[in-house]
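Note sheet for the following structure.
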Amino acid sequence: MIEVQQLSKSFNGQKVLFDIDHIFEEGKVNLIIGQSGQGKSVLAKCIVGLYEADAGQILFDQRNFTQMDRSERSNIRQEIGMLFQAAALFDSMTVEQNVMFPLQMFTNMTKAEIQVRTDFCLERVNLAGRNKLMPSECSGGMQKRVGIARAIAMNPRYLFCDEPNSGLDPKTSIVIDKLIRDITHEYNITTVVITHDMNSVMEIGDHILFIHQGKKWWEGNRHSIINASNPEIESFVYASSFMKEIRSQLQKKA
Amino acid sequence: MLGVVFARPNRWRFFWKHTLLEIEQIGINSLPIVALMSTFMGAVIALQTASSMESPLLPDYTVGFITQSSTILEFSPTIISLILAGKVGSNVASEIGTMRVTEQIDALEIMGVNSLNFLVLPKITAAFVFFPVLVIFSMALSMLGGWLALLVSDLTTTEIYILGVRSFFNPFHITYALSKTLVFGFLIVSISSFFGYYVKGGSLDVGKASTQAVVSSSVAILIANFILTQLMLLS
């Protein structure tokens, strides 16, 4: 469980996050949704420590991340896996070396054990046998899956995914979403996904935080968001013609 | 920044592996350009000196002596470092800058890796180890280039040139040249890493950071050269 208390952040005097309070629950896919530029990524980057929050506290299972020094944070970070928007694979390393990297860096596992764990992670994301490919030889979807394999290599307690479906076709997006959901439930991870993709919201949104103008605007789940009466959420959910059409069809039937 | 760079590496095995790769990338791969530059530089110094020797009071071996002293004192350590500031500096800044804009540095940080230490320390170590080798290599080739140029132009004999090269040789000049090289190597890698590491934006900004790294490293080399000469040769 990750608890955010009264979190604020500003850049060059301009406040982008206003006193956010939220709990990201364990064993659930927690979504942070909202329009572009509303502070979703800033919130996630504050939580993992890539940005320093101006005020507030971040608790990883009651451990206060904001008060930790560099080495204590480094220990917590070994429990965090992160999938970046563009996968952020190390382009000088093969697929296998990317997944092996955190294991070689932070564990005392033998070469054979590392190989077994790497093969397991790659198999888990349906990339068995693709060990020797370079990231540049992988498609966007494959890169994302390698990113997930790398993120889960250390058996993380917390998984962060920054727009995991950006740049992917709808079918591949569903594959990635399912993978994130299955891994979360299988290993009881606290997963935080930043997205503005309504398909992902409906597919994996166990617990949803809606951010608007840097403030916590609404929270709920994939069932309650459909009927939320809040105008900002409504305009977000039914922004596409496709969703509008579904709503009108449903209303007609009703 | 430097305090974090010089922290203890997470894994020494990774550190040595990366240092060897950097020696290859910023050291061994620079050998061809250093060889080319040094040979022609030595040749031109020798020819220019020979063409200026009009006074009959100057001994014939002056050409060899001037080639030796100007190569050791200035041309090899400073000019080669300026060349390396262009080649290595832009390479380091663009490599680290690209890692920054593609979030690879964020990925390292999230894993708990000290990214500055992981990326920059092997480069600085490689520069410390291999830049002196490059400069010694450059000195030898420069003097060889001078000899070849004089031989082809029939301006002096091998014996007289070698006599000049060996005349008034001061071993401290080698210490001075290598000390300068170490400082220049550190400046090139640390300044270029700084510009690459703190780049913000996209590929265009990586290009700008790369240019800034080369310009700043070159200016830093010139200033450091002046200060070190004052301190080591005139104090």
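Since every read-out is calculated from the coordinates, none of them should be taken as a lab result. The structure displayed is predicted, hence computed values, not measured ones. Backbone-built Cβ (ideal geometry, glycine too); neighbour counts: all protein chains shown.
Here is the figure for the range A:163-175: residues that are at negative phi and surrounded by fewer than 24 Cβ atoms within 10 Å (Cβ to Cβ) total 9. Using the structure shown, decide if A:Glu232 is among the acidic types (Asp, Glu), out of contact with any helix residue (DSSP H, G or I) (no Cβ under 8 Å at 6 or more places or on another chain) and touching a residue at least 12 places away in the same chain (Cβ under 8 Å). So A:Glu232 fits the description; yes. Residues in the range A:76-94 that are within 7 Å of chain B (Cβ to nearest Cβ) and closer than 19 Å to B:Asn10 by Cβ: 6 in all.
You will find that of A:Gln97, A:Gln67, the residue that is within 12 Å of chain B (Cβ to nearest Cβ) and surrounded by fewer than 21 Cβ atoms within 10 Å (Cβ to Cβ) is A:Gln97 and no other. Test B:Val183 against the stated conditions and say whether it is touching a residue at least 24 places away in the same chain (Cβ under 8 Å), more than 14 Å from every other protein chain (Cβ to nearest Cβ) and hydrophobic (A, V, I, L, M, F, W, C). Against the criterion (touching a residue at least 24 places away in the same chain (Cβ under 8 Å), more than 14 Å from every other protein chain (Cβ to nearest Cβ) and hydrophobic (A, V, I, L, M, F, W, C)), B:Val183 qualifies.
Taking the listed residues A:Gly147, A:Gly140, the one that is in contact with a strand residue (DSSP E or B) (Cβ under 8 Å, 6 or more places away or on another chain) and of a type in the set (Gly, Ala, Ser) is A:Gly147, with no other qualifying.
Counting only helices (runs of 4 or more DSSP H) that sit wholly inside the range B:1-75, those with at least 1 residues that are within 14 Å of another protein chain (Cβ to nearest Cβ) are B:2-5, B:12-22.
Candidates in the range A:152-208 are the residues that are within 14 Å of chain B (Cβ to nearest Cβ) and among the acidic types (Asp, Glu); of these, the one that is nearest to A:Glu26 (Cα to Cα) is A:Asp162. So which residues in the range A:43-58 are in contact with a helix residue (DSSP H, G or I) (Cβ under 7 Å, 6 or more places away or on another chain) and among the aliphatic types (A, V, I, L, M)? Scanning the range A:43-58 gives A:Val48, A:Leu50, A:Ala53, A:Ile58. Across the range B:83-123, which residue is nearest to the other protein chains (Cβ to nearest Cβ) among those that are buried (at least 21 other Cβ atoms within 10 Å of the Cβ) and within 13 Å of the chain's Cα centre (by Cα)? If we take residues in the range B:83-123 being buried (at least 21 other Cβ atoms within 10 Å of the Cβ) and within 13 Å of the chain's Cα centre (by Cα), then B:Val88 is nearest to the other protein chains (Cβ to nearest Cβ). Count of the range B:158-190 residues, restricted to those that are closer than 16 Å to B:Gly42 by Cα and out of contact with any Pro (no Cβ under 9 Å at 6 or more places or on another chain), is 5. Among the residues that make up the range A:103-116, is at least one of them within 16 Å of A:Leu89 (Cα to Cα), in contact with a helix residue (DSSP H, G or I) (Cβ under 9 Å, 6 or more places away or on another chain) and surrounded by 21 or more Cβ atoms within 10 Å (Cβ to Cβ)? No: zero hits.
Just one of (1) under 20 Å from B:Phe131 (Cα atoms); (2) touching a helix residue (DSSP H, G or I) at 6+ places or on another chain (Cβ under 6 Å) fails for B:Val199. It is (1). Within the bounds of the range B:80-94, is there any residue that is touching a helix residue (DSSP H, G or I) at 6+ places or on another chain (Cβ under 7 Å) and over 17 Å from B:Phe184 (Cα atoms)? Scanning the range B:80-94, I find at least one residue that is touching a helix residue (DSSP H, G or I) at 6+ places or on another chain (Cβ under 7 Å) and over 17 Å from B:Phe184 (Cα atoms), so the answer is yes.
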